Amino acid sequence: MNTPRAATPSGAAHGQHLLTQMLRVRRLEEKCVELYSAAKIRGFLHVYIGEEAVAAGIMATLDPEDAVVATYREHGHALLKGVSAGSILAEMYGFQQGCCRGRGGSMHLFDAATRFYGGNAIVAGGLPLAIGLALADKMAGRSRVTVCFFGEGAAAEGEFHESLNLAALWQLPVLFCCENNLYAMGTALSRSESQTDLAVKAAAYEIPAWPVDGMDVLAVEEAARRAVDAVRGGGGPHFLELRTYRFRAHSMYDPERYRDKAEVARWIERDPIDLLRATLEGAGRLSEAEWAKMQRDVDAEVSAAVEFAEAGSVEPVDELLRFVYSEIRSP
Amino acid sequence: MKTTYREAMRDAIREALTRDDRVFLMGEDVGLYGGSFAVSLGLLEEFGPERIRDTPLSESGFVGAGIGAALGGMRPIVEIMTVNFSLLALDQIMNNAASILHMSGGQFNVPLVIRMTTGAGRQLAAQHSHSLEGWYAHIPGLRILTPATLADARGMLWTALEDPDPVLIFEHGSLYNVAGEIADDAGAVDITSAAIRRPGNAVSLITYGGSLPTVLEAAEQLAGEGIDAEVLDLRTLRPLDTPAILATVAKTHRAVVVDEGWRSGSISAEVSARITESSFYDLDAPVGRVCSAEVPLPYAKHLELAALPSVVRVVEAAREAVGSHG
Ligand SMILES: Cc1ncc(C[n+]2csc(CCOP(=O)(O)OP(=O)(O)O)c2C)c(N)n1
Ligand SMILES: [Mg+2]
């Protein structure tokens, strides 16, 4: 593991913003687990607890018109891209007020307004989509960036390799964000890859790539800014390996036989929220009152989201067959 | 004017590229090589490498990229060399192209066209000869086209590109060299209805794609025996034009479905089921079927021919349906 210190934030307001963003994800995810236990949410549920610094650091560097493609562990990415917590929770309730009217659920959050392209539950299935989104931007001469999040497990799939190659071959504006939390369900990276250094794989495709301490949001943000600027400036695809860890089970059905509690405890010592909070407090950039208020605000947002979801309604069954084909034919 | 199926398809691509600058063609060897079946020959010189885009051997990657580009506002035409190779892209076709509109609650449609070669008859054996369009027709969210005539080869593409949702076009390999006349101003055609290719009263021969020439030849032979067969070309396998199927059965009271796919779980099974579900009392005979033998297609010519629907088998099935055993 890396040094247990977060880098120094550039300003109190910005540091607090990042802390707030991570806390919003943490509290929303904790609420999801609670609601799952209460059987309000069903299906598969994968939470991002422990990995918040990755999404928070990267999203902080994006423009609203940049696109994001993510996986089934994407509640936090959706939230930080700008999808409301209420519409995320309502989606998981299966209600028509959800961002996908209850058609997608936890693993398939989509939002056109914020250019959030899922929510892909096929490991590595989102990478080719990101290639195409970036290709469209390049062909149309737009300077947007497409950011593609995926777990380290995706590196074993063919679609990962096909996509990295295409992105590099065509010099597409894509940022690959590999969230290396060391496990793909129960399979440790070392048990699935002959080459466990993921940046080396990207480098083999001539893609600039480097590892980042994914528990340190400031380090993530700094690396992401460098990479996003390069991609936006026409520097072709870039690849970040974000070294992180999930504190919770893979999903709600995971007895965690594949890792020991001591390992989990060691990583929790570097909880990304605690790390930044300590740094900010140490630098006099976060008072006790400010921290208390931050928590109150976040709790209020989550409570409001639950209220919104609770007040939701199911789509009438006679709409079952909608959204198989477009309802508006193009001219 | 004179044309071939291949040239008609090429003219359709050229017209699309000319009419809409969001359109581009991508696939393996579509550019410098000129297309593995020479459909895109010459287009690279005309439109350049951005719009006639050669890809690596990455079916899943470039089909997915086509989906992403469609989401990003383009109108891609993705070419897959043959249907057997499309299996490497099945994840993207099924889990993304066909599903994103629904998963996103109607927010993201995928205006993508995928073209591929299908079918047997050229001794290409068990990894280049199958007819899997019926499989694809199983998938809600896709539209499945099987142009069998020169006019459809010329006209279906543009209509497919105007469709807001993913459309798969299956081009039977034995059709590319078919030559004939089409109207000088041939252009877009509808992609929703089946078409009567030969009117008749005695029995309905229902088919599509590469089997159409076989079935038309069989119908001519049957006419010589006094059996006046009607030939219905399905044209679109999903959604099926059920009213057209039921209408021809209401007229002839007898049906034979001819499908180069395997019989079990095939599009012929679906057509037959729809007839019995809705027109059972119109029938004067059981619905007959002529399909490929249930074997991975063999290389040897005599075995391959024995496995495929043939004029002889269609004629026999039609005689059986009309109760005349020649
Ligand atoms: C193609 C495919 N194979 C298997 C699965 C089942 N599966 C779901 S998540 C997962 C592990 C993926 O691990 P990783 O990519 O590291 O992401 P993480 O869950 O750690 O965020 C597996 C195997 C799947 N969803 N898709
Ligand atoms: Mg993982």
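The values are calculated or read from the model by the stated rules, or taken from the named source; none is laboratory data. For clarity, every value in this text was computed on a predicted model and none was experimentally measured. All Cβ positions, glycine included, derive from the backbone under ideal geometry; neighbour counts span all protein chains shown.
Just a few scattered comments:
- Only one of the numbered conditions (1) among the small types (Gly, Ala, Ser); (2) outside the structural domain of B:VAL39 (by TED's automatic domain parsing); (3) in contact with a Leu (Cβ under 9 Å, 6 or more places away or on another chain) is not met by B:GLY224, and that is (3).
- Figure legend. Inter-residue proximity from the range A:22-35: first residues assigned to a helix (DSSP H, G or I), second residues of a type in the set (Phe, Trp, Tyr), beta-carbon distance below 7 Å, spacing 6+ or different chains. Indicated pairs: A:VAL25/A:TYR48; A:GLU29/A:TYR48.
- Verdict on B:ILE139 being touching a Lys or Arg at 6+ places or on another chain (Cβ under 6 Å) and among the β-branched types (Val, Ile, Thr): no
- Number of residues in the range A:167-192 that are free of Cβ contacts under 8 Å to residues at least 40 places away in the same chain and within 16 Å of ligand 2 (Cβ to nearest atom) equals 4.
- Any chance A:ARG101 is over 19 Å from A:VAL54 (Cβ atoms) and within 13 Å of ligand 1 (Cβ to nearest atom): no
- Taking the range A:216-331 and the helices (runs of 4 or more DSSP H) fully enclosed by it, the elements with 2 or more residues that are touching a strand residue (DSSP E or B) at 6+ places or on another chain (Cβ under 7 Å) and buried (at least 18 other Cβ atoms within 10 Å of the Cβ) are at A:217-232.
- Among the criteria (1) more than 14 Å from chain B (Cβ to nearest Cβ); (2) of a type in the set (A, V, I, L, M); (3) away from ligand 1 (no atom under 11 Å from the Cβ), the one A:ALA249 does not fulfil is (3).
- Residue list for the range A:189-215, restricted to those being among the small types (Gly, Ala, Ser) and either assigned to a helix (DSSP H, G or I) or more than 30 Å from A:ALA262 (Cβ to Cβ) (or both): A:SER190, A:SER192, A:ALA199, A:ALA202, A:ALA203, A:ALA204, A:ALA209
- Some residue of the range A:8-16 being away from ligand 1 (no atom under 16 Å from the Cβ) and touching a strand residue (DSSP E or B) at 6+ places or on another chain (Cβ under 6 Å): no
- Checking each residue in the range B:232-251 for being surrounded by fewer than 22 Cβ atoms within 10 Å (Cβ to Cβ) and under 22 Å from the mean Cα position of the chain (by Cα) picks out B:ARG238, B:PRO239, B:LEU240, B:ASP241, B:THR242, B:PRO243, B:ALA244, B:LEU246, B:ALA247.
- Annotation: of all residues in the range A:36-54 being more than 16 Å from ligand 2 (Cβ to nearest atom) and assigned to a helix (DSSP H, G or I), the one that is nearest to A:ALA70 (Cα to Cα) is A:TYR36.
- Count of the range B:87-128 residues which are within 14 Å of another protein chain (Cβ to nearest Cβ), of a type outside the set (Phe, Trp, Tyr) and touching a helix residue (DSSP H, G or I) at 6+ places or on another chain (Cβ under 7 Å): 13
- Residue in the range A:164-183 that is within 11 Å of chain B (Cβ to nearest Cβ), within 16 Å of ligand 1 (Cβ to nearest atom) and aromatic (Phe, Trp, Tyr) present: no
- Restricting the range A:272-331 to residues that are within 14 Å of chain B (Cβ to nearest Cβ) and of a type in the set (Phe, Trp, Tyr), the residue that is farthest from A:GLN21 (Cα to Cα): A:TYR325
- Scanning the range B:89-111 turns up at least one residue that is in the same structural domain as B:LEU157 (by TED's automatic domain parsing) and either within 19 Å of B:ASN177 (Cα to Cα) or of a type in the set (Asp, Glu) (or both).
- Hits in the range B:167-195 (condition: touching a Leu at 6+ places or on another chain (Cβ under 6 Å) and either within 20 Å of B:VAL257 (Cα to Cα) or among the aromatic types (Phe, Trp, Tyr) (or both)): B:ALA194
- Members of the range A:184-205 that are more than 15 Å from ligand 1 (Cβ to nearest atom), more than 26 Å from A:ASP271 (Cα to Cα) and either touching a Cys at 6+ places or on another chain (Cβ under 7 Å) or away from every other protein chain (no Cβ under 14 Å) (or both): A:SER194, A:GLN195, A:VAL200, A:ALA202, A:ALA203, A:ALA204
- Within the option set B:VAL295, B:VAL312, B:VAL249, B:VAL256, being of a type outside the set (S, T, N, Q) and either assigned by TED's automatic domain parsing to the domain that holds B:HIS130 or in contact with a Lys or Arg (Cβ under 9 Å, 6 or more places away or on another chain) (or both) holds for one residue only, B:VAL256.
- Residue list for the range A:138-158, filter: within 16 Å of ligand 2 (Cβ to nearest atom) and charged (D, E, K, R): A:GLU152, A:GLU157
- Of the helices (runs of 4 or more DSSP H) lying entirely inside the range A:60-155, those containing at least 2 residues that are within 11 Å of chain B (Cβ to nearest Cβ) and surrounded by fewer than 22 Cβ atoms within 10 Å (Cβ to Cβ) span A:126-140.
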